[in-house]
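Worksheet for the structure shown next.
Each reported figure results from applying straightforward, stated rules to the coordinates on display, with no laboratory input. Quick caveat, the model's predicted, so the values are computed rather than measured. Cβ placement follows ideal geometry from the backbone for every residue including glycine, while neighbour counts extend to all protein chains displayed.
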Amino acid sequence: MSSAIGVKSDPAPNRVLLHIDMDAFFAAVEALAYPKLRGKPLVVGGRPGARGVVATASYEARCFGIRPGMPIGEAVRLCPGAVFLPGDPPKYLHTSITLLKLLRRFSPLVEPFSIDEAFVELTGQTRDLKSGGEAAAAIRTAIERELHLTASVGVGPNKLIAKMASRVVKPCGLTVLDHEGFRRHFWPQPVTALWGVGAKTATGMAALGIHTLSQLAAAPRSALVRAFGVVGGMLQAMARGQDETPLIPYDQGLPVKSMGHEHTLARDESDASRLEALLFRLTEQVARRLRLGGKQGMTVTVKLRFSDFRTITRQRTLARPTDEERFIYPVARELMHHHAGGKPLRLIGVSVSGLFESRPPGYLFAEDQRYREVMDAVDSLRDRFGENVLTKAKTLTAASSSGIPAASHIHHGRPTPSRPFEPRSSRPQR
């Protein structure tokens, strides 16, 4: 299916942007790896009886009302006969990297937005949005032919319109929107149709008499700023289709603000030794990522989710930047115990922010230099033989009966790039 809405033959548009959105990505990759799953309702995110949420669902599963972000238990209730898989991040990442390489054949300006989304800029390579749509069709065909997956593509004069256009027709859609087409299609829709507006923001707008995107676009900016702060003005600009965010090619990189890991426990846990074992394992992984990235951080943040799903984050700034777990862990441990107060936890996360480039080894004292040599040797062994080739006894003794995962099963936190045209509400990956 495809559509072209509000496209003019303007010979010199300012920009031509594409947004590539892979269809039910995780489920599609699993069906590609296991052909017997094709055509079946498939849910990725966890198995029946396990805690977690739906990361993505095949379109066959969506027919039963299953949606990303839904608790696994509810998905089982809606479709008991669905196939439930925990997910395979390395496989998805490999496919995502292959996709980026494919897109680079069409333009050097490719920016990954998430593991299953990317922007491509064709400004200067195509005459107008219409020819950009023709290029988008060629990209979609190449994805299907080479990766055996489908994608929905949006084409627009900026990243915002291209992204919103990509969801007009799904799956396997192609939609081209200029500013006029954007207004015609989206302005009659509720404010929740605007990317970044969730139920809470919509409720606040309803109190101002704003229900549709056209009303948001026409509302007094001062009233929006009073109600929502600077975000109010940003949302109004987005409702008008205004966005000047540049595309940043992935080979140039985006500034990493933090590095972190988190893990959802198999059951609510209040045993201090077991929680400490998991926290130490997470801290080890964060420190290793810092060293691999050539970074040191100043601020330690702990994320705690309680049995009632209440989630808090608490942080503390260190005296000096570090990339070593021996300095990160004691701070994280104190934060966890002080703010958990012995209550059962269902999720723990730890991250380090305030990042700097690592200093050269020469700045270390002799005893620190010896410790770093040991850590370098451990990192080298783990690079070669896997994360679990060396494991400290602290994690083994407390984790043996608690279901605490090996390092390879811990969820990795994602770097947080700065994106000017957001605000962005939390949303599950598709």
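Using the Cβ-Cβ distance between C63 and V256 with R0 set to 56 Å, the FRET efficiency works out to roughly 0.90. Residues within the reach of a label modelled at H211 (point 7 angstrom out along Cα to beta-carbon, backbone nitrogen below 20 Å), restricted to the range 145-184, are 184. Compared with the direct C-alpha span, the chain from T192 to R127 gains 20.1 nm at full extension, assuming 0.36 nm per residue. Could you tell me the calculated FRET efficiency between K36 and H94, based on Cβ-Cβ distance and R0 = 22 angstrom, to the nearest 0.05? Efficiency computed from Cβ-Cβ geometry: 0.55. Shape of the range 51-195 from the C-alpha gyration tensor: oblate (a/c of 1.5 or more and a/b not above b/c, with a ≥ b ≥ c the square roots of its eigenvalues).
In a DSSP loop and with at most 13 other Cβ atoms within 10 Å, the trypsin sites (Lys or Arg not before Pro) in the range 77-164 are R105.
What whole number of Å gives the distance from the Cα centroid of the range 188-222 to the Cα centroid of the range 298-335? One Cα centre to the other: 36 Å. Set the Förster radius R0 to 25 Å, insert the Cβ-Cβ distance between C172 and T203 as r into 1/(1 + (r/R0)^6), and round the FRET efficiency to 0.05. For R0 = 25 Å, the calculated efficiency reads 0.15.
Ordering S107, S58, S222, S258 by the number of other Cβ atoms within 10 Å of each residue's own Cβ, fewest first, gives S222, S258, S107, S58. For the range 187-239, the square roots a ≥ b ≥ c of the C-alpha gyration tensor eigenvalues yield an a/c under 1.5, which makes the shape rounded.
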